[in-house]
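Peer 1: Here's a structure for you.
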Amino acid sequence: MQTRAFRRYWPVYAVAAFYLTLGLLSRTFLWWRFGADADVPLAQLPAILAGGLVNDMVQSLYLMAPLALYVLLLPDRWYHSKFNRGAMLAATALGVGVLTYLAIVENYFFEEFNARFNVVAVDYLMYPTE
């Protein structure tokens, strides 16, 4: 029974694992690229990565909730249909693509503003005259 449940939720697990791995790689890359200029020593990198992992785990709960609910509430007959398999594959590919795009854009954002994405910075970009 556990194997069947794992197979049913594989898109949720796969995208969540990808998100956590991408966050780890992104933080490592940002430290490598900008850490020396900001006087962030290598000794602080494990703490940065651990704190980021905890943050990403909480965020992944919110990001994966709609997909997990979809998988939970969909009847078995519909879940195993060809249409649903294609839809799940497309949604997983879209999610991975969007997350990869955001990780790449975040590097350029950091280069420009010396900070990661946040609400204030995004609002500043959306409404520069206010």
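The values are calculated or read from the model by the stated rules, or taken from the named source; none is laboratory data. Model, not experiment: these values are computed from the prediction. Please note: Cβ atoms are built from the backbone with ideal geometry, for glycine as well, and neighbour counts cover all protein chains shown. What goes into the accessible areas is simple: the full protein's heavy atoms, side chains included, and nothing from ligands, DNA or RNA. Shrake-Rupley method; radii C 1.70, N 1.55, O 1.52, S 1.80 Å.
Peer 1: Suppose we keep only residues that are polar (S, T, N, Q) and within 19 Å of Phe113 (Cα to Cα) within region 20-51. Which one would you say is least open to solvent (accessible area, probe 1.4 Å)?
Peer 2: Out of the qualifying residues, it is Ser26.
Peer 1: I've got another one for you. Listed residues Arg77, Arg7, Arg27; which is assigned to a helix (DSSP H, G or I), in contact with a helix residue (DSSP H, G or I) (Cβ under 9 Å, 6 or more places away or on another chain) and charged (D, E, K, R)?
Peer 2: Arg27 is the lone residue from the list that is assigned to a helix (DSSP H, G or I), in contact with a helix residue (DSSP H, G or I) (Cβ under 9 Å, 6 or more places away or on another chain) and charged (D, E, K, R).
Peer 1: Now, a different point. State all residues of region 70-89 that are of a type in the set (A, V, I, L, M) and surrounded by 10 or more Cβ atoms within 10 Å (Cβ to Cβ); if no residue qualifies, say none.
Peer 2: Val71, Leu72, Leu74, Ala87, Met88, Leu89
Peer 1: If the requirement is being closer than 23 Å to Pro66 by Cβ, at pLDDT 90 or above and among the hydrophobic types (A, V, I, L, M, F, W, C), which of these qualifies: Leu22, Leu42?
Peer 2: Leu22
Peer 1: Scan (1) modelled with pLDDT under 90; (2) within 29 Å of Pro11 (Cα to Cα); (3) loosely packed, with under 11 Cβ neighbours inside 10 Å for the single condition Tyr127 breaks and write down its number.
Peer 2: Exception for Tyr127: condition (2).
Peer 1: For Thr3, which of the numbered conditions (1) at pLDDT 90 or above; (2) over 30 Å from Tyr108 (Cα atoms) fails to hold?
Peer 2: Evaluating Thr3 over (1) at pLDDT 90 or above; (2) over 30 Å from Tyr108 (Cα atoms) leaves (1) as the failure.
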